[in-house]
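The block underneath contains the structure these notes are about, expressed in structure tokens.
The values are calculated or read from the model by the stated rules, or taken from the named source; none is laboratory data. These figures come from a predicted structure and were not determined experimentally. Every residue, glycine as well, gets a Cβ built from its backbone with ideal geometry; the counts of neighbours run over all protein chains shown. Surface accessibility is based on the protein's heavy atoms, side chains included, excluding ligands, DNA and RNA. Shrake-Rupley method; radii C 1.70, N 1.55, O 1.52, S 1.80 Å.
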Amino acid sequence: MGATVRMGTLGRAASLAFVFCALLGAAPLAHASDDILSGTYEVVGPNTILDTWTITTNCGEVSIGCQADIHSPLIDGQATYRGAHTWMMTLKGQVPVCPDKTTTKGAMVYVWNSQTLQGQLTAIQQGICQMTRPGQEQIPFTLKPA
């Protein structure tokens, strides 16, 4: 009889644990769908439109490592979701880092927040551009749906 009571108590405890875990698992920690960016966006810098991107997210639900294709007249790249509403795209090689948007050897690192649509471009010029020396520039930007 003691075994029956113990099994009943264990069974109830297991049922309660299952319900508790199911409720915790069902509670959303964040709305991952809010981090999905798809469509056309103007990349607006401090004084001008830097570029116009077409973004296609490659996952139905955003999680760390999710990727999105970025296409524009200037670049083709792939952004990766890093968590905490942050996307990052790195481009290396012949990239449009010159002030007149011509390409030279360098790198471009874009980081932006999918909630605020605010970001920063780090442009690293390693090759030669007209009238500028190689160096690094930080440019804030905002993504605006086009």
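Some observations on this one:
- The single condition from (1) modelled with pLDDT under 95; (2) under 27 Å from Met131 (Cα atoms); (3) loosely packed, with under 15 Cβ neighbours inside 10 Å that Cys59 fails is (2).
- Answer residue from segment 83-121, given it is of a type in the set (A, V, I, L, M), outside any strand (DSSP E or B) and open to solvent by less than 60 Å² (accessible area, probe 1.4 Å) and is modelled with the lowest pLDDT among those: Val97
- Flag if Pro140 is open to solvent by 50 Å² or more (accessible area, probe 1.4 Å) and part of a loop (DSSP other than H, G, I, E, B): no
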